[in-house]
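Worksheet: one structure, shown below.
The values are calculated or read from the model by the stated rules, or taken from the named source; none is laboratory data. Small disclaimer: the values here were computed from a predicted structure and weren't measured. Cβ sites come from the backbone with ideal geometry, for glycine too, and all protein chains shown count toward neighbours. Just so you know, the surface numbers come from the protein's heavy atoms only, side chains and all, with ligands and any DNA or RNA stripped out. Shrake-Rupley method; radii C 1.70, N 1.55, O 1.52, S 1.80 Å.
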Amino acid sequence: MKKIILLLILILITFNTEISAITAEEVITQRDENEYVKSARVEATMIINNSGRELEKKMISLSEGDTALIEFTNPMDRGTKYLKREDNLWMFFPDAEDVVKLSGHMLEQGMMGSDFSYQDMMESEKLIDLYNFEIIAEEKYHDRPCYIIEAIKEEGAEVSYYRRVSWIDKERFIGLKEEMYAESGKLLKEVVVEETEKIEGRWYPIRTVMENMLRKDTWTAFIIDSIEFNPDIPEGTFSLESLQ
Amino acid sequence: MILIFVLILSSTTVFASSNYQIGGNIKTGVNTLFFDNESNVNLYESLELKLDLDQASFTLLAQNNSNKDKIDLWLKKAYIKYKLKDINLTLGKQPVSWSFGSLINVVDYSLGAEALDQETNAKYVNALQLQYPINWYSSLSFVTEINSVSKKYGFRGRTLIKNFDLSLNYINQSTEANSISRWGVSLKGDINRMGAYGSYTMIDYKMGEKTSVNTQALMIGADYSYLFNQGMGNRLYLQGEYHLLENNEGLKLLLQSLTGAGVGLEASQNLLGDGYLDVFLTNVNYNINDFSSIGIFTITALKDKSTVVIPNYRNQLTNNTTLNINLSYISGSQSSIFAGGVGMPELVGNIELTYAF
């Protein structure tokens, strides 16, 4: 009997050792693989809240790698489109039917008045390529066991935030919360995933709320109304021609 | 015009479209002109209806104001789209604009002063437009207007070189007596964190058989955003643009086209003299919060310092309702380029509410 108990303890120790031996890079890779979208068609709603006052914007986006095409469909912005290819951002003005290349500095700003910058919205590069990671703790977040992972930007990488701290679900490999910091250590933004859903075999954030910590009483919710992974995207979709 | 409507209405593919969007907006506002001893108040309202199909687009505008006793109807857009092998064809009343982000665009097909994202009536023309896309960022376009008074056509080539948007344009407009042709090149991209753009235009006027005048126009511009609070706070947007215009009879025609006939060009002819005229434009905009912004637009003739100043305020009151307030003020002497017009108001104020649906 003692031998069996000893064997069980050994198995448990071995099992636990294997779990805690997972590296931060492996967690991030699994999360990247889970959340990284090769291509997708998304219908979404963005709610911008400032001191209780709200604006709602609706959009349809198509993305493939680091390329994205977004069209707004709410009445105030209907027909406004953005095309992002690498670091180039193009905008279509529906009334005048003009296609204008926006200056690069516009990528750093809040998209359509939201707390999500154009880079936040269209960032599709795998984070593993941009940051160095370390597991700094393990704890439960909203009853889900999580790894807390710190990411410091790789030297030379062009990213919006110097340091990120993420709460990643241990079983579903989905980020549930993230804090973004400046190099000075100041907390800039906080993202909380309020709702997740298993879609086509993977857990995916459905309702994400971003709070800009440097602005008072303001947050933006990004809600996915529908998502289709790896849709058929016709050739030439991500072109200036298709913006018009 | 009638022919275009027949074509549109008889196009079965238009109405066979499965995707469509219907919407529009209602605007109401008050426009006040302030003179020395009096003011002129004008109330107005408009209804714009839009129908967009896969292969057609229609926009009808109905306008009324307190100075008129009838409603004006204006068909802004009524065109069909068709793909002929690799060529995109649009036929009908449509906006033709070659804007690239400048405040004044002498390279545009429709020559006119316009701030980015604002619309001008001159853009909407009865035209046939052909576009041949070469790759995702390059294309060749041809436009010809369907107009009984004058003949107008233009060619445009557009591409991306080292992340700079480059366009080459040619526009020719002729009547029985005169013809104007313009060659232009425009460039827009980034230099470090600053947006940079420029254009060069050669304009050739032929009046009758013997008189021919050439004018050149050079423009350089830049824009920059400053984000407060370590790049996470409110945005201050700055844009500046410098225009250098060769000064001769051609310039007079060009300025009339750019600024409208009401501006005091006649009074200022003696001021222009020989050489060049240069104009500086600025556009400053500050986002007060997620819903509202305040800005100021100026255009200054550097020769006599006469300046048009247009402060503006915008507030998105609800999801569908926006309030816009702007003022226009012209400073300068009676003989100056911008303030020298006869019967010019000292101040123009406009308050407008827009409801989009």
Out of (1) modelled with pLDDT of 95 or more; (2) away from chain A (no Cβ under 13 Å); (3) open to solvent by 20 Å² or more (accessible area, probe 1.4 Å), the one B:VAL149 does not meet is (1)
Of the residues in segment A:202-244 that are open to solvent by less than 40 Å² (accessible area, probe 1.4 Å) and closer than 30 Å to B:VAL96 by Cβ, the one that is nearest to the other protein chains (Cβ to nearest Cβ) is A:SER239
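Yes/no per residue for (1) at pLDDT below 95; (2) within 27 Å of A:GLU64 (Cβ to Cβ):
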site	(1), (2)
A:TYR161	yes, yes
A:MET180	yes, yes
A:ILE199	yes, yes
A:TYR204	yes, yes
A:ASN212	yes, no
A:ILE224	no, yes
A:GLU235	yes, yes
Residue in segment A:65-100 that is least open to solvent (accessible area, probe 1.4 Å), counting only those that are within 25 Å of the chain's Cα centre (by Cα), farther than 17 Å from B:ASP52 by Cβ and within 8 Å of another protein chain (Cβ to nearest Cβ)
A:ASN88
Within segment B:304-349, the residues that are farther than 20 Å from B:THR282 by Cβ and outside any loop (DSSP other than H, G, I, E, B) are B:ASN315, B:GLN316, B:THR321, B:THR322, B:LEU323, B:GLY349
Which of the numbered conditions does B:LEU103 fail, given that it passes all the others? Conditions: (1) buried (at least 16 other Cβ atoms within 10 Å of the Cβ); (2) within 14 Å of chain A (Cβ to nearest Cβ); (3) under 30 Å from A:GLY236 (Cα atoms).
(3)
Given (1) among the hydroxyl-bearing types (Ser, Thr, Tyr); (2) in contact with a Pro (Cβ under 9 Å, 6 or more places away or on another chain); (3) assigned to a strand (DSSP E or B), number of the condition A:SER242 does not satisfy
(3)
Within segment A:178-201, which residues are surrounded by fewer than 17 Cβ atoms within 10 Å (Cβ to Cβ) and away from chain B (no Cβ under 14 Å)?
A:GLU194, A:GLU195, A:GLU197, A:LYS198, A:ILE199, A:GLU200, A:GLY201
